[in-house]
Amino acid sequence: MRIHIELDQCEGHGLCAATAPDLYDLDDDGYAAEADLDVPEGMLGEAESGVSACPMRAIRLVTE
């Protein structure tokens, strides 16, 4: 499973990284640093928390 972030929809609220800092990385301006991230084993709950926290709904989980 992986996370996909629509970078053009990210407004830099940073709530994804606030809820799951070990998973979501922000750039120096507070925006999502990467569009696609692999979800490590055992971190699905954190990934889902970041998805739910995004007020812009810019983050989604993708099954491969």
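Just so it is clear, none of the values below were taken in a lab; they were calculated from the coordinates. As the structure is a computational prediction, the values presented were derived from the model and not from experiment. Backbone-built Cβ (ideal geometry, glycine too); neighbour counts: all protein chains shown.
Considering the stretch 24-50, and only residues there that are charged (D, E, K, R) and in a strand (DSSP E or B), the residue that is farthest from Thr63 (Cα to Cα) turns out to be Asp36.
Each residue in the stretch 45-59 was checked for being surrounded by 13 or more Cβ atoms within 10 Å (Cβ to Cβ) and out of contact with any Gly (no Cβ under 8 Å at 6 or more places or on another chain), and 10 of them qualify. Being exposed (fewer than 13 other Cβ atoms within 10 Å of the Cβ) and assigned to a loop (DSSP other than H, G, I, E, B) is the requirement here; does Pro21 meet it? So Pro21 does not fit the description; no. Within the stretch 9-17, is there a residue that is exposed (fewer than 14 other Cβ atoms within 10 Å of the Cβ), in contact with an Asp or Glu (Cβ under 7 Å, 6 or more places away or on another chain), free of Cβ contacts under 8 Å to residues at least 60 places away in the same chain and in a loop (DSSP other than H, G, I, E, B)? Looking for residues that are exposed (fewer than 14 other Cβ atoms within 10 Å of the Cβ), in contact with an Asp or Glu (Cβ under 7 Å, 6 or more places away or on another chain), free of Cβ contacts under 8 Å to residues at least 60 places away in the same chain and in a loop (DSSP other than H, G, I, E, B), one finds at least one in the stretch 9-17, hence yes.
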